[in-house]
Amino acid sequence: MIGGIFPVFNKEISNTYTFEREPPGVKCAGFDLRAFQWSQVMIFSIEEINKDPALLPNISLGYKILNSCSSPTNTLRAALTLAGRPEETESTLPCPPAISALIAESGSSQSLVVAGMLGPFQVPIVSYFSTCACLSNRLEYPSFFRTIPSDYFQAKALAALVKHFGWQWIGVIQSDEDYGRNGILAFSEEVKKFGVCIAFVEKVLRTYTMDKILNVVEMIKQSTVNVILAFAAEGDFYPLMKEVIKQNITGIQWIASEAWITASRISTPETYQSFGGALGFALQRMAIPNLKPFLAGISPYKDPSAAFVRDFWEIMVGCRPVLPGEYIDAEATNVICKGNETLINFQDVFFNVTQLRETYNVHKAVYAIAHALHQLVFCQPAGEKPVKPCLNVSEIQPKQVTEHLQRVNFKNEFGDHIYFDKNGDPPASYDIINWQLSDGQVEHVTLGHFASDTNGDYKLSIQEEHIVWRTGNMVPTSVCSDVCPVGTRKAQIKGKPTCCFDCIPCADGTIANLTGAADCTPCPQEFWSNERKDQCIPKTVEFLTYHEPMGIAITVVSILGASLSLATIMVFFHYRETPVIKASNSELSCFLLFCLFLCFLCPLTFIGRPTVWTCMLRHTAFGVTFALCISCVLGKTIVVVTAFKATVPGNKIARKFGPAQQRIIVFSCTLIQIVICILWLELKPPFPDMVFRYSNKKIVLECNTGSEAAFYAVLGYIGLLAITCLVLAFLARKLPDNFNEAKFITFSMLIFCAVWITFIPAYISSPGKFTVAVETFAILSSAFGLFICIFAPKCYIILIKPEKNTKRHVMGKI
């Protein structure tokens, strides 16, 4: 005996006693043709097996089918009725009254209560339409099997479909029961991996009030989503569908779960106006031979006691069958059948057996139980050489059937491989269904497939070009926020899902060269972002060049100073025998002029792209030439002071400072600076450096001093020589006015010291190439200060006032 529970009537309306076709104490309404077809396929399959001499020879299968009203409570009541062993059973019956297996139920909530109640007693339950992944828990439901894949796999399939079309912002409607709750939970976990956001989750149920349905409709109308997944049973979703159609809500791309995508009741031209183009997954279709004649042969006149047949006949034929001798209520409004009606030529979808999906699962469930019974009774799989039974039929226990169901593994006549994994689940495989309109009728067109490959990975294949979309020929888009363009990044909006964001331009120095970037990427140090912030471009390299005005000015002034120095040397050489030249120590003066010539050329090393050699040359050349220059001035100062401080002409003090001593002073003072520079170059030499701190968009190329201490040591030594000169020259301030070279030296040293004292803070605070400009300005200013103060008066007398170029004038005598 095999039990069957089907939601032939899908709504409970009262709690009064009624016919045996329903559990005691229940009145149901809403006849479901699809569920009735399932029950008839169970009967058809059992009769087919009983006629098969090889599957269960000499054993007959019986059945008892009850209605569940799509209610968990009524399903449990029906299951207990079937599983029990009534005391009033006659001992002469050929079959034991208790069932060996139960085929139930379509709804996951109903199957959960049945599996939970009968599981501890090891009564095998095989479901044909319960997909909740929770039923795969072998610890809680050890005797539950099913011929439909778990929602775990459907959730993967739906998530893969959403990912395939790039939908990032979707709405969800679920049945307010285990099927919907667990299905959406699994789906949500899958789509999160792809960055998909769920805008809303609304619930529906066939017993909901109209107010609740209207609230869901209002949410759909107010939402910005263009794609909505309805993970709900057909009966739960149907009230919402009617209201959506009534309010003419169109333009939404619906995604369907397998529970309603192929349901015939809702696949009508009226429904198509709002739900046309729906996409979803359905079980693979199959045709069952000889089933159509069986269905067409259903008649209340063949077996008056057959459950549900009279209700089916009233709906299908449109009249109420009356059997001979049956009382006819005169007040009844139903049309009375004549008795000659037939279903042979009916074209209703009920009789279309070429695309069976859930119905085929009932067929597989019956055959799986039959194969398990064969293994149990004959101790070998069906199809092998028949042997004698190894177990008496009366000894069969439900626990044994459960154990052998787990071992079932066969291919049926359609080539379909039927087996159950360790969780009682079959292999997962789905067709992709698209609602299309053809000749005024809704067709469920198969456009793809979702199944596992040999590695256990699931792959989606779809004929996208043949899809009929609700929104037209283009794939609909559904995003909360448009993809951020290049040059911008996502900025999460507080309190909203991750798919809702603002697009913020990248900060300077960062880029986003891909659309939809979560963050901007910083450019490398040598690069900067362009205006669009989508590309890193090289920064502008800045250094003092000969082509810019500042470089040209420095070059011109430097060459002018060098030229004046050479010209003055030539003048001194030409007038070397005159009193002014002789009195000014011509050797030191010419040497000083040569040093000034080198000082004027020093700024040229500061112009151009810094290199290792130019960096070492510019600082050391500057240090040595200025030390040499100031040493010459120091030598002249000492000569002047000693010469005019001697009280008697020809004094020994004056003779001690002859040309040799002057050369020694110049050489020794310069040597100290040379030693400092050598140590500088050996220990921490200057080097070319890229400086980024002055500007984000520029790289300043400059010479790093290497050692700040060495640099300031060079400047400090030059300053020490200059101060020494200043002090000595100051001591000779009262010498004769006509020729008092100490006065000019004092003034030149004052200028020199003022320039370099001012240089230090200006040098530190000047950015970029202006640092080089400040240093060259200090060099040229101090060099011109020395040149003008010391040599301009002499050149004035020699060239402009030659009458004063006499010994008497030089000695201050009139």
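For segment 384-477, applying the loop criterion from DSSP together with a ceiling of 14 other beta carbons within 10 Å to the trypsin sites (Lys or Arg not before Pro) yields R407, K422. Here the label points at L139 and N513, each 7 Å from Cα along the C-beta direction, are separated by 5.2 nm in the simple model. About the centre of its Cα atoms, segment 488-538 shows a dipole size close to 320 debye [charges on the beta carbon of Lys, Arg (+1) and Asp, Glu (-1) only; nearest 20 debye].
In the chain, the calculated helix contribution to ellipticity at 222 nm averages -13500 deg cm²/dmol per residue, counting -39,500 (n - 2.57) for every DSSP H run with n ≥ 4.
With the whole protein complex present, V335 retains an accessible surface near 90 Å², based on a 1.4 Å probe. Scanning residues 5 or more positions from C69 or on other chains, those with amide H under 5 Å from its amide H are V8, F9, with H placed 1.01 Å from N in the peptide plane.
Ranking request for peptides 232-245, 103-116: highest mean number of other beta-carbon atoms within 10 Å first, then the rest in descending order.
In descending order of packing, they fall as 103-116, 232-245.
A cut-off of 5 Å between modelled amide H atoms, ignoring neighbours fewer than 5 places along the same chain, links T510 with C523, S529.
Membrane-span-like helices in the chain: DSSP H runs reaching 20 Å or more (Cα, own axis), mean Kyte hydropathy at least 1.0?
Details: long enough: 33-51 (27 Å, 0.13); 178-192 (21 Å, -0.55); 358-378 (30 Å, 0.35); 549-574 (37 Å, 1.82); 586-601 (22 Å, 2.27); 612-645 (49 Å, 1.39); 659-683 (36 Å, 1.51); 708-731 (34 Å, 2.07); 741-765 (37 Å, 1.49); 769-795 (37 Å, 1.46).
Result, helices passing both filters: 549-574, 586-601, 612-645, 659-683, 708-731, 741-765, 769-795.
Distance from the C-alpha centroid of segment 609-632 to that of segment 26-88: 108 Å, rounded to the whole angstrom. Beta bridges assigned by DSSP with both partners in the chain are antiparallel in approximately 55 percent of cases. Which of rounded, prolate or oblate describes segment 251-381 when judged by the alpha-carbon gyration tensor and an a/c cut-off of 1.5? Note, shape of segment 251-381 comes out oblate.
How do L514, L726 stack up against each other in accessible area, from largest to smallest, with a 1.4 angstrom probe? Walk me through the numbers before you get to the answer.
On the way: L514 120, L726 40 Å².
Result, largest first: L514, L726.
Select from segment 487-540 those trypsin sites (Lys or Arg not before Pro) which occupy a DSSP coil region and have at most 12 other Cβ atoms within 10 Å, ordered by residue number. Show your work: numbers first, answer last.
Values: sites: R489, K490, K494, R532, K533, K539; in loops: K494, R532, K533, K539.
The qualifying sites are K494.
Average accessible surface for segment 93-246: 34 Å² per residue, computed with a 1.4 Å probe over protein heavy atoms with every protein chain in place.
Shape class for segment 232-289, computed from the alpha carbon gyration tensor (a ≥ b ≥ c): prolate, with a/c not under 1.5 and a/b above b/c.
Packing, as the average of other Cβ atoms within 10 Å across residues, places the peptides 777-789, 622-634, 701-713 in the order 622-634, 777-789, 701-713, highest first.
For Cα pairs less than 8 Å apart in space and 6+ apart in sequence, what is the mean separation divided by the residue count of the chain, i.e. the relative contact order in percent?
Details: 1459 pairs, mean separation 73.7, N = 814.
RCO, the chain: 9 percent.
Please identify every one of the chymotrypsin sites (Phe, Trp or Tyr not before Pro) in segment 261-322 that sits in a loop by DSSP and has no more than 12 other beta carbons within 10 Å of its own beta carbon. Can you show the working numbers first?
Numbers: sites: Y272, F275, F281, F294, Y301, F308, F312, W313; in loops: Y301, F308.
In loop regions of segment 261-322 (DSSP not H, G, I, E or B), there are no sparsely surrounded chymotrypsin sites (Phe, Trp or Tyr not before Pro).
The phi-based Karplus calculation (6.51 cos²θ - 1.76 cosθ + 1.60; θ = phi - 60°) puts the 3J(HN,Hα) values of segment 285-290 at 7, 8, 9, 9, x, 6 Hz, whole numbers, x for Gly and Pro.
Here the dipole of segment 549-811 is about 660 debye; that uses its Cα centre as origin and unit charges on the Cβ of Lys and Arg (positive) and Asp and Glu (negative). Identify all lysines with a Cα-Cα distance to K212 below 27 Å; exclude those on the same chain that are fewer than 8 residues away in sequence. Leaving aside lysines fewer than 8 places away in the same chain, those within reach of K212 are K11, K27, K203, K221, K242, K246, K496.
Given +1 at the Cβ of Lys and Arg, -1 at the Cβ of Asp and Glu and no other charges, the dipole of the chain around its Cα centre is 7180 debye to the nearest 20.
As a rough guide to protection, the peptides 438-445, 750-757 ranked by mean Cβ packing within 10 Å, highest first, stand as 750-757, 438-445. Annotation: amide H of V126 within the under-5 Å range of L102, I103, A104, F145, sequence separation 5 or more or interchain, hydrogens built in the peptide plane. Within the accessible surface of segment 549-811, defined with a 1.4 Å probe on protein heavy atoms only, the carbon and sulfur portion equals 73 percent. Projected onto their three principal axes, the Cα atoms of the chain cover extents of 172, 58, 41 Å, largest first.
Could you tell me what percent of the accessible area of segment 488-538 is made up of carbon and sulfur, with a 1.4 Å probe and every protein chain present? Present the calculation step by step, with values, prior to reporting the outcome.
On the way: 1740 of 3280 Å².
Summing carbon and sulfur atoms, their accessible area is 53 percent of the total for segment 488-538.
By the compact-protein rule of thumb, 2.2 N^0.38 Å, the alpha-carbon radius of gyration of segment 488-538 corresponds to a ratio of 1.23.
The values are calculated or read from the model by the stated rules, or taken from the named source; none is laboratory data. Quick caveat, the model's predicted, so the values are computed rather than measured. Methodologically, a virtual Cβ is constructed for each residue, glycine included, from the backbone with ideal geometry; neighbour enumeration extends over all protein chains shown. Note: accessible area is taken over every heavy atom of the protein model, side chains too, but ligands, DNA and RNA are not part of it. Shrake-Rupley method; radii C 1.70, N 1.55, O 1.52, S 1.80 Å.
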